[in-house]
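Any read-out appearing in this document is the output of simple, stated calculations on the displayed coordinates, not a laboratory observation. Note that the coordinates shown come from a computational prediction; the quantities given were computed from them, not determined experimentally. Note: ideal-geometry Cβ built from the backbone for every residue, glycine included; neighbour counts use all protein chains shown.
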Amino acid sequence: MLGTAGYECDEAWGHKAVLRALKRIEKYDLLFCQVSALEKEDKLLTWVLSRGKDIPVVACAARPREQVPKRIYDRCIFLQILFEREQLLSVVREALNNHD
């Protein structure tokens, strides 16, 4: 959805691939990931909670935000799955605009 809206995106599947991508973080303006990835991979969660403050993080999950761990919810912009294209684009635009 983001690519068709004109955003340049890289995809990384799996926690190790995401961690490798984060080593090149200066290349990115935003990190989009699943809450479950943050819960399952301690290194990724640590990065997001500490070193990742330089870029906005959008975290998505199928569960409501009340069921997302507070430390993740407090740091990330939350987007509940299933979302419409316009909801996604609105969240991304807002995250990028508020970060500049």
A careful count of residues in the stretch 2-26 that are under 19 Å from residue 97 (Cα atoms) and either out of contact with any Asp or Glu (no Cβ under 8 Å at 6 or more places or on another chain) or touching a residue at least 60 places away in the same chain (Cβ under 8 Å) (or both) gives 8
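Tell me whether the stretch 76-85 contains one or more residues that are aliphatic (A, V, I, L, M), within 18 Å of residue 2 (Cα to Cα) and touching an Asp or Glu at 6+ places or on another chain (Cβ under 7 Å).
Of all residues in the stretch 76-85, those aliphatic (A, V, I, L, M) come to 77, 79, 81-82.
Now narrow it down to the ones that are within 18 Å of residue 2 (Cα to Cα): 77, 79, 81-82.
Retained after the next criterion (residues that are touching an Asp or Glu at 6+ places or on another chain (Cβ under 7 Å)): none.
No, that holds for no residue.
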Just to confirm my filter: which helices (runs of 4 or more DSSP H) fall fully inside the stretch 1-54 and include at least 2 residues that are over 24 Å from residue 82 (Cβ atoms)? 15-22, 42-49
